[in-house]
1. In segment 28-85, which residues are touching a Gly at 6+ places or on another chain (Cβ under 8 Å) and over 20 Å from GLU289 (Cβ atoms)?
2. Only residues that are over 17 Å from GLU238 (Cα atoms) and more than 15 Å from the ligand (Cβ to nearest atom): list them for segment 181-204, please.
3. Checking PHE326 against (1) away from the ligand (no atom under 16 Å from the Cβ); (2) out of contact with any helix residue (DSSP H, G or I) (no Cβ under 9 Å at 6 or more places or on another chain), which test does it fail?
4. Do we have any residue at all in segment 224-233 that's under 25 Å from ASP150 (Cβ atoms), within 15 Å of the ligand (Cβ to nearest atom) and β-branched (Val, Ile, Thr)?
5. Tally the residues that are polar (S, T, N, Q) and within 16 Å of the ligand (Cβ to nearest atom), restricting the search to segment 451-504.
6. Under 9 Å between Cβ atoms, which residue pairs at least 6 apart in sequence (or on different chains) link something in segment 370-382 that is in contact (Cβ under 8 Å) with a residue 12 or more places away in the chain with a partner that is of a type in the set (Asp, Glu)?
7. Filter segment 452-504 down to residues that are part of a loop (DSSP other than H, G, I, E, B) and more than 22 Å from the chain's Cα centre (by Cα), then give me how many there are.
8. As an exercise: evaluate ILE258 against (1) within 16 Å of the ligand (Cβ to nearest atom); (2) surrounded by fewer than 17 Cβ atoms within 10 Å (Cβ to Cβ) and give the number of the one condition it does not meet.
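The values are calculated or read from the model by the stated rules, or taken from the named source; none is laboratory data. Worth saying up front: this structure is predicted, and the values here are computed from it rather than measured. Cβ placement follows ideal geometry from the backbone for every residue including glycine, while neighbour counts extend to all protein chains displayed.
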Amino acid sequence: MNEAETRAWKALEELPKPRLADLFADAGRVERYSTTLDLDGGAIRFDWSKTHLDDAAIAVFDDLAAATDFPAKRMALFSGEKINVTEGRAVQHTAQRGVGDEGAVDEAGAFHARMRALVEAIHGGLLGEVKHLIHIGIGGSALGPALAIDALARDISLVDVHVVSNIDGCALEAAFAKCDPATTMIAVASKTFTTIETMTNAASALAWLGENGVSDAYGRVVALTAAPDKAVEWGVDETRVLPFSESVGGRYSLWSSIGFPVALALGWDEFSALLAGAAEMDRHFLTSEGAANLPLRAAYADLLYTRQRGCQARAVFAYDERLRLFPSYLQQLEMESNGKRVRSDGTPVNGPTAPITWGGVGTDAQHAVFQLLHQGTVITPVDFIAAIQPGDTLDPAHHKILLTNCFAQGAALMAGRDNADPARAYPGDRPSATILCEEINAATLGALIAFHEHRTFAAGVLMGINSFDQFGVELGKEIAKSIEAGGASFDASTSALLEAAGLS
Ligand code: F6P
């Protein structure tokens, strides 16, 4: 860490800690900390006024951004430099959306053209009748497609998609129960094409097709992967292998051929709109400076809470049923990217890194976990995500109650309320941010996801972290393999558990 970074972190620790009520004495605060981005798919308002960011904090973070060379690091992301230093790779998810290094953008365009041809061939009936797709993948190969389909394919779905990730056979059986084998295709989505859960589920899905009268089960399989040779070796016909680049990280891969089920369910135009919405956010992130840059400003607030105010968690509540999977999507994005304890150069980080991201859907969560947010001893910054236009056609009372509750929670967290009875008193001064979309559609969803990708990257840069590796997941996988192989010895507790389950 250079001296300027050390100075900025020290300055952050020494900053005063104003209360939100004091910050709101500034009549211009809402205007300054609420920004509306006018996107093609509809405006999105990012209201960070109910966080504790103020001019002094922003000045410190601007210094930190300068000290960490944030503008150059951002440019390195977009220009295809090998910023994933531990794995020696470029990081090219933005190129999938057409923003980035020319060669990578061209390559992504070629892969998309191949994917589009297959999607349209299926829609055109060239592969027989296809009513269902079982999309098999895990982590980044499942969470993005599941989110996008759940959000966008409620009313119109050209093909009925079931995303299966868990190795627990109950997950796959549940999908089988909803699909007719004669009209079902299987997508095997795996960047590496080696992930045990995915490969085991894929083999079982193939067997299910075969056992249920499909004579050419392999002929019903599509592979989405950065390891096309392995897919062909596994038995997928080369014409149904949709490759993507090694430099697209798993949790950033929705935009690549991993998005195949989204295009199949919604049609190519909608998938393109998803990419276009994300590209609009890319351009904002690339060209805006300091706190005017929305993902960077969000990262400033995130670090204010983890580093200055000791908040170890951040909660995200989607006040929109269509976005109910958003919190789990964000969990992987943020916790796998920034849940690290060393900096890119291997030296220890100088404080907490990614907070624990958790959340749920409003208003359900109000009746379950909000007690802790209002009166618990742990202060948890909250993000609310909502849309002005409803997703339903029922009595407008539904949407009105949904939105008023969302805004009421932010107000209540901030204002609190005194009471002579301590059990009934609310301390208030609890931070929240609100993202208010004009509507939820492919373009705004793309922009929302890209906003969070860049927020995560920006926080990583400010902390000196490589947000693009995930070595923390490897040890458990290795131990599982050695258990399976047998002969290895483990601690007494693990040995006893294995014995109790008949696995030793
Ligand atoms: O184990 C973690 C992880 O590597 C994630 O980063 C990734 O999204 C997931 O597993 C699935 O990997 P793959 O797409 O290679 O099957």
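1. Those that are touching a Gly at 6+ places or on another chain (Cβ under 8 Å) and over 20 Å from GLU289 (Cβ atoms): ASP40, GLY41, LYS50, GLY80, LYS82, ASN84.
2. Within segment 181-204, PRO181, ALA182, THR183, THR184, SER204 qualify.
3. The one condition PHE326 does not meet is (2).
4. yes
5. Adding up the residues that qualify gives 4.
6. From residues that are in contact (Cβ under 8 Å) with a residue 12 or more places away in the chain, the pairs are ILE379/ASP429; PRO381/ASP302.
7. Selection size over segment 452-504: 10.
8. Exception for ILE258: condition (2).
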